[in-house]
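Asks: Quick one: the structure is below, and I'll ask about it shortly.
The values are calculated or read from the model by the stated rules, or taken from the named source; none is laboratory data. Since the structure is predicted, the reported quantities are computational estimates derived from the model, not experimental observations. Heads up, the Cβs are rebuilt from the backbone with ideal geometry, glycines too, and the neighbour counts pull from every protein chain shown. Areas reflect the complete protein model, heavy atoms only, side chains present, ligands, DNA and RNA absent. Shrake-Rupley method; radii C 1.70, N 1.55, O 1.52, S 1.80 Å.
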Amino acid sequence: MICFVKKRSRRINGVLHTSEHYYGILKMPWEPKETTWSLGTTDKREAERLLHEERVRREKERNGVLPPRPQQKAAEKPLNELLEKFLADLQVIGRAEGTLKKYRNLLVVFRRCGWDKIGDVTPRSFCDYRAHIGLGPRTLNAALKDTGTFFRWLRRQRMASENPLELVPTVDTRRVEKYRRALTAEETRKLIANAPKNRAVIYLLAVCTGLRRTELEQLTIGDFQLDSAAPFVRVRAGTAKHPKDSQLRLRPELVEALQSLVPAGAKPSERMFPSVPRVRTFMKDLAAAGIPFEDDKGRRADFHALRDTFGTQLASAGVAPFVLKELMRHSTVQQSEKYYIDARHLPLAAAVSSLPNFTTPVENNGTVNGTVTQVADRQNEPQAVAPGREGRISQTL
């Protein structure tokens, strides 16, 4: 181990210059090289005391008595400051603005839980917060998940040793009714027919592609290829929630409606839609079409319900789950099926009607109501019937 203090000296133009402050030189047995730093004092005894404190601190960190230095520094900083660094890191690696906004909402969670620094974050304080805040189960689970993501980043930065909320259970959402509903095909037609032209085109594009509001707002005229043999709209990775470019095919009636909106001489960099309808405007268009904003279950038909309608109509048409996942631009099939398919609009009754009749007896000639059936020839096989079963079988049929 190397551990001593000295004043640094060097020659400048043949003249020896000695530093005013003492420097510490320290190398612990497990460290690859020595470190040298200014102790900021001209008193040798004070310099030796400061060096001794640093040596003891490194020994305690080595033995697990003290956390590493990055964790000690992070524990002294406000959570808001650490969150800003987290958001800056997400922005650098290319996360969408919607993702940044989601994690920025953690500031509200910090304030309402009374968290100022990392040491204030405890399972008990979070459980008390969600017990009295009155938010829905999915919102509470989202807050828990986002906080966990933030602490995983702190761990990767060596600013925290663990996620204090790792063992906090999520709220059971299996019995929670969905708060959003999909529109039926007839309701969608009424909405598009009664809305002003510019908004009707936006609604038609949303329900035929599943584009989100933020994605629609950032589409430019250059993103649309309407004159090609296979028209499509390109969703850029920087504007989409899914971090990769996507090309969404466009139906003929949608292409015709979009072409009518593009002004002559428009530049490719111009926004396709100067504004996308907000909730109040969407509610007015629903009312004009005679569509209730909430159904009898309290489920709302907001703008994002058009994306639900897109997924539900694809499922109703019998689209394969993997194809549905790709069209919805989700990472897993489960995400599409769990959150974006409204089972009330699926052809469930038709599916049950397609089952065969299990109670019609087979006649001796192998027909059911005059229809030829393929029945195994078992005349040579002995048929063993338990005593008393004949009566029960005939009663069942």
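Asks: At a Cα cut-off below 19 Å, give the lysines reachable from LYS197, other chains included and same-chain residues fewer than 8 away excluded.
Replies: Hits, sequence-local ones excluded: LYS284.
Asks: Would you kindly state the longest site-free stretch of the chain, with sites defined as GluC sites (Glu not before Pro) in a DSSP loop (not H, G, I, E, B) surrounded by at most 16 other Cβ atoms within 10 Å?
Replies: 35-161
Asks: Here's something else I'd like to know. Which percent of Cα pairs goes in each bin when the distances of the chain are cut into 10 angstrom slices starting at zero?
Replies: Pairs per bin, as whole percents: 4, 14, 18, 16, 14, 11, 11, 8, 3, 1, 1, 0, 0.
Asks: Moving to a separate point now. As I understand it, the dipole of the chain uses +1 on the Cβ of Lys and Arg and -1 on the Cβ of Asp and Glu, about the Cα centre. Which of THR209, GLN91, ILE25 lies farthest toward its positive end?
Replies: Farthest towards the positive end: ILE25.
Asks: Return one whole number: the accessible area per residue of the range 1-130 in Å², for a 1.4 Å probe.
Replies: So the range 1-130 comes to 65 Å² accessible per residue, rounded to a whole number.
Asks: Which value, in debye to the nearest 20, describes the size of the charge dipole of the range 1-126 about its Cα centre when Lys and Arg Cβ atoms bear +1, Asp and Glu Cβ atoms bear -1, and nothing else is charged?
Replies: 140 debye
Asks: Calculate the length of the line joining the C-alpha centroid of the range 190-224 to that of the range 285-320, in whole Å.
Replies: 15 Å
Asks: Here's a follow-up. For LEU346 paired with GLU217, estimate the spin-label separation in nm (one decimal), with each label point 7 Å from Cα along the Cα-to-Cβ line.
Replies: 3.3 nm
Asks: A follow-up question, please. If you place +1 on the Cβ of every Lys and Arg and -1 on the Cβ of every Asp and Glu, how big does the dipole about the Cα centre of the range 238-348 come out, in debye to the nearest 20?
Replies: 320 debye
Asks: So, one more: In square nanometres, what is one fourth of the surface area of the convex hull spanned by the alpha carbons of the range 248-291?
Replies: Over every viewing direction, the Cα hull of the range 248-291 projects on average to 4.7 nm².
Asks: Oh, and also: Which value, in debye to the nearest 20, gives the size of the charge dipole of the chain about its Cα centre, when Lys and Arg are +1 and Asp and Glu are -1 at the Cβ?
Replies: 1740 debye
Asks: How long are the three semi-axes of the equivalent ellipsoid of the range 48-145, in whole Å, if each is the root of 5 times an eigenvalue of the C-alpha gyration tensor, listed from largest down?
Replies: Each semi-axis is √(5λ); the values are 34, 19, 10 Å.
Asks: Moving on to the next point. Charges on Cβ only, +1 for Lys and Arg, -1 for Asp and Glu, centred on the Cα centroid of the chain; of THR170, TYR340, ASN13, which one is farthest towards the dipole's positive end?
Replies: The residue sitting most towards the positive pole is ASN13.
Asks: For the chain, what is the relative contact order in percent, using Cα pairs closer than 8 Å and at least 6 residues apart in sequence?
Replies: 11 percent
Asks: If eta is 1.567 mPa s and T is 4 °C, what Stokes-Einstein diffusion coefficient results for the range 161-276, Kirkwood Rh from Cα pairs, in µm²/s?
Replies: Stokes-Einstein gives a translational diffusion coefficient of 78 µm²/s.
Asks: Further question: Got a sec? What order do ARG104, ARG213, ARG11, ARG181 fall in by accessible area at 1.4 Å, biggest, i.e. largest, first?
Replies: ARG11, ARG104, ARG213, ARG181
Asks: Okay, next question. Tell me, what % of the accessible area of the range 252-306 is carbon and sulfur with a 1.4 angstrom probe?
Replies: Of all accessible area on the range 252-306, carbon and sulfur atoms account for 51 percent.
Asks: Taking 28 Å as the cut-off for C-alpha to C-alpha distance, list the pairs among LYS85/LYS145; LYS77/LYS244; LYS44/LYS117; LYS7/LYS85; LYS73/LYS102 that go past it.
Replies: LYS77/LYS244; LYS44/LYS117; LYS7/LYS85
Asks: Positive end of the dipole of the chain, charges at C-beta (+1 Lys, Arg; -1 Asp, Glu), about the Cα centre: which of PRO231, MET159, VAL279 has its Cα farthest in that direction?
Replies: The Cα lying farthest towards the positive end belongs to MET159.
Asks: Could you work out the helix-only [θ] at 222 nm for the chain, with each DSSP H run of four or more residues adding -39,500 (n - 2.57) and the total divided by the number of residues, to the nearest 500 deg cm²/dmol?
Replies: Helix contribution divided over all residues of the chain: -13000 deg cm²/dmol.
Asks: Provide the gained length on full extension for the span ARG155 to GLU186, in nm with one decimal, where the gain is 0.36 nm per separating residue minus the Cα-Cα distance.
Replies: Result for the pair: 6.0 nm of gain on full extension.
Asks: Shifting gears a bit: Which residues make up the longest stretch of the chain that has no chymotrypsin sites (Phe, Trp or Tyr not before Pro) in a DSSP loop with at most 11 other Cβ atoms within 10 Å?
Replies: 31-357
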